[in-house]
Amino acid sequence: MGKNRVLWPIFYFEALINLCAAVTCFTAPAFFLSSFTGDLVPPVPLEIVRWYGVLLFVFAWLMVRGLRTGGKTIAILLEGFLAGDLLHLCASFLFFRAGGGLNPASIMMVLVTVLLIPARISYLAGSRKGDTEPASP
C-alpha cells in the first residue's frame, strides 16, 4: 500500500460527514439551517437547501467511488475538492461578513475545511511522486 493511502480514512470520514449533511439537508432543511442561524427562512430558500443536500450526496458518492477506484481517479477528484475547499473558505468569509454568527456549526464547517486542505495537498503531492497505487479489487 502506498504511503498516501494512510490519508484515505480522512477522506472516507469526509464522505460520511457529507452523507449525514446531505440527509439532513434533504429531509430537514430548516433544521440544517437552524444550525447556522436563528433567522426564519421562507419556503423557497428551504427547497434550495434540499438541492444542496443532493449535491452533498453526489460529493459523498464520488469520494467513496474515487477511493475504491484509487490511482489517478482519486487524484483528479481531490484536485476538484481542493479547489472547492478554497472557494468554501471564501464563501465562509462572505457568510461571516454578512453577519453569519460564530456558532458550533459554522466553526466546525471552517475547521473541517482547514483540516482537509493539507490532507488533500499531501495526497496530491505524493501522487505526483508516484506514491499511490490503484485500489485492490
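Observations
- Residues located in the range 19-31, provided they are open to solvent by 40 Å² or more (accessible area, probe 1.4 Å) and either under 19 Å from H88 (Cα atoms) or touching a residue at least 40 places away in the same chain (Cβ under 8 Å) (or both): L19, C20
- Scanning the range 58-73 turns up one or more residues that are exposed (fewer than 15 other Cβ atoms within 10 Å of the Cβ), modelled with pLDDT of 95 or more and within 17 Å of C20 (Cβ to Cβ).
- Every pair of residues 6+ apart whose Cβ atoms lie under 8 Å, when the first sits in the range 54-76 and is of a type in the set (K, R) while the second is open to solvent by less than 10 Å² (accessible area, probe 1.4 Å): none
- Condition check for I117: open to solvent by 50 Å² or more (accessible area, probe 1.4 Å) and either modelled with pLDDT of 95 or more or of a type in the set (K, R) (or both): no
- All conditions but one from (1) open to solvent by 50 Å² or more (accessible area, probe 1.4 Å); (2) modelled with pLDDT of 95 or more; (3) within 27 Å of T73 (Cα to Cα) apply to D85; the one that does not is (1).
- A residue that is surrounded by 14 or more Cβ atoms within 10 Å (Cβ to Cβ), closer than 26 Å to W8 by Cβ and without any contact (Cβ under 8 Å) to a residue 60 or more places away in the chain can be found somewhere in the range 34-53.
- Boolean, R50 is basic (K, R) and in contact with a helix residue (DSSP H, G or I) (Cβ under 6 Å, 6 or more places away or on another chain): yes
- Any chance P104 is closer than 12 Å to A75 by Cα, open to solvent by 20 Å² or more (accessible area, probe 1.4 Å) and at pLDDT below 95: no
- Summed over the range 54-74, residues that are farther than 15 Å from F13 by Cβ and in contact with an Asp or Glu (Cβ under 9 Å, 6 or more places away or on another chain) total 2.
The values are calculated or read from the model by the stated rules, or taken from the named source; none is laboratory data. Here the structure is a predicted model, which is why all the values come from computation and not from measurement. Don't worry about glycine lacking a Cβ; one is built from the backbone with ideal geometry, like all the others, and counts go over all protein chains shown. Heads up: the accessible areas ignore ligands, DNA and RNA and are worked out on the full protein's heavy atoms, side chains in. Shrake-Rupley method; radii C 1.70, N 1.55, O 1.52, S 1.80 Å.
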